[in-house]
Amino acid sequence: MAPDVYLAEAPSNIAFLKYWGKADAAAQWPANDSLSMTLRHARTQTRLQRSASGHHEIHFEGKRLAAQDPFAQKMLRHLTFLSEALEESQVPLHIDTHNTFPASCGIASSASGMAALTIGAVACWLEASSWEALTNKGISRAQLASWARRGSGSACRSLWGGFVVWEAAAGPASQRAYPLFPSAHWDLCDTLLLVSTAPKSVSSSQGHTTAWESPLFLPRLSGLPTRKRAMLEALADCNLAQLGPLLEQEALEMHSIMLSVVPPIVYLLPQTASWIVQIRRWRQEEGLEVYFTIDAGPNLHLICEPSTQPALLARLAQAGAQWLEDGIGEGPTLGMGRNKKWE
Ligand code: PMV
């Protein structure tokens, strides 16, 4: 009989308050709290089943990856970690994964990818094809989040929909991710303005290790609690005029850390800067209430309310831009079935 197929789908997330720099790399303990919005359309879909070949087999976007491929290596390391976390050796898996968006260009593919891999591998190994079945086996969503975090820090925020916090807390063992507000709390759009979809030259994992070398990092850490409080207040009140400037300060501050290490990590492109100027101009001169944030890449996430989006898209079209429409979304899904088609 053919082995059962488990289907795990996890969303990407865009950080409003950024995770950049670790307090303890081995424990994957971040230097600061972060806060994100889960995305609706940017998702990773992963199919898993027991492998007949006696070793893990990984297929990405329809192609089999060689074991030495860096992406396959990252997934294999995480599978080893998960199998150890489950405290018994687990059977090899056949994994088929793909993204609904271009990977490695600042759309946090590692967040959705590692979240989907964690949920799917644990579900397949424990033969649990629903959240309820996982809970019955003693596996909570918070537990999956803390395991996903070991694959990629930001993945722990992809275990819930809406707005999600990852709190550094007082020590590695007490850090945790949790949902702050569900998606229904505030319908925000995220228009991903594509400047380049080329893979980035420095991975976030490499980048994190350099943060402490920046002379700006300690001042950043001391200012973050105030920014976090202001952001929480703006989110609670659904106040974009308060949230927007905080999003922009936060994104530019993270890039200042990246730019002020030696050698500098330059994710931004000249077009990124031109768009920053353009977005601010549209806001100041035409009252278009749109704000940007940027991840570890050159692309801009344009945040606005649904009532503003048609005007934004019309301006982007006039300017010849390329974009992906996204917005606040729900958490991951888990299911089973050979014939089930992805939505
Ligand atoms: O989870 P990582 O190791 O890929 O780091 C993510 C870093 C940023 O995307 C730049 C910020 C964040 O908080 O998501």
(request) Give the longest segment of the chain that steers clear of trypsin sites (Lys or Arg not before Pro) in DSSP loops with at most 14 neighbouring Cβ atoms within 10 Å, not counting the sites themselves. (result) 138-337
(message) Which one, 318, 28, 73, has the greatest fluctuation when you compute a Gaussian network model over the chain with C-alpha springs under 10 angstrom?
(response) 318
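Relative to the Cα centre, what is the charge dipole magnitude of the chain, using +1 at the beta carbon of each Lys and Arg, -1 at the beta carbon of each Asp and Glu, and rounding to the nearest 20 debye? The partial results should precede the final answer.
Details: 28 positive and 31 negative charges, 94 e Å.
Once rounded to the nearest 20, the dipole reads 460 debye.
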(message) Let me check something: with ligands and nucleic acids excluded, how do 255, 56 order by accessible area (1.4 Å probe), largest to smallest?
(response) 56, 255
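Grab the eigenvalues of the alpha-carbon gyration tensor for the range 1-111, scale each by 5, take roots, and send me the semi-axes largest first in whole angstrom.
On the way: eigenvalues 144, 69, 34 Å².
So the three semi-axes of the range 1-111 are 27, 19, 13 Å.
Enter the accessible area per residue of the chain (Å², integer; probe 1.4 Å; all protein chains in place).
Values: 14550 Å² over 343 residues.
Roughly 42 Å² per residue, with all protein chains present.
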(request) Could you tell me which of 201, 317, 175 has its Cα farthest along the dipole of the chain towards the positive end, charges placed at Cβ (Lys, Arg +1; Asp, Glu -1), taken about the Cα centre? (result) 201
(message) Amide H of residue 194 versus every other amide H placed in the peptide plane: which residues, excluding those fewer than 5 positions away on the same chain, fall under 5 Å?
(response) 322, 323, 324
(message) What distance in nm lies between label points placed 7 Å from Cα along the C-beta direction at residue 87 and residue 209?
(response) 3.3
(message) Can you work out the Karplus-derived ³J(HN,Hα) for every residue in the range 33-50? Use 6.51 cos²θ - 1.76 cosθ + 1.60 with θ = phi - 60°, whole Hz, and x for glycine or proline.
(response) 5, 9, 8, 9, 10, 6, 9, 7, 9, 7, 9, 10, 10, 10, 10, 9, 8, 4
(request) For the chain, set up a Gaussian network in which alpha carbons nearer than 10 Å are linked by springs, and say which option among 184, 145, 251 fluctuates the most. (result) 184
(message) Quick check: at a probe of 1.4 Å, how many percent of the accessible area of the chain sits on carbon and sulfur atoms?
(response) 53
(message) Over the Cα atoms, compute the radius of gyration (one decimal) and Dmax (the largest Cα-Cα distance, rounded to a whole number) for the range 189-327, in Å.
(response) 15.6, 43
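Checking a compactness column here: for the chain, what do you get for Rg(Cα) / (2.2 N^0.38 Å), N being the number of residues? Spell out each step's value before the answer.
Values: Rg = 19.8 Å, N = 343, 2.2 N^0.38 = 20.2 Å.
Normalised by 2.2 N^0.38 Å, the Cα Rg of the chain equals 0.98.
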(request) Quick one: check the C-alpha center-to-center distance for the range 7-34 versus the range 188-260, whole angstrom. (result) 12
(message) Can you compute the charge dipole magnitude of the range 1-106 about its Cα centre, using +1 on each Lys and Arg Cβ and -1 on each Asp and Glu Cβ, nothing else charged? Give it in debye, rounded to the nearest 20.
(response) 380
(message) Which one, 15, 287, 66, is farthest towards the positive end of the dipole of the chain when Lys and Arg carry +1 and Asp and Glu -1 on their Cβ?
(response) 66
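The values are calculated or read from the model by the stated rules, or taken from the named source; none is laboratory data. Note that the structure is a prediction, hence the values are computed from the model and not measured. Ideal geometry is used to build each Cβ from the backbone, glycine not excepted, and the neighbour counts take in all protein chains shown. The accessibility values were calculated without ligands, DNA or RNA, using every heavy atom of the protein model including side chains. Shrake-Rupley method; radii C 1.70, N 1.55, O 1.52, S 1.80 Å.
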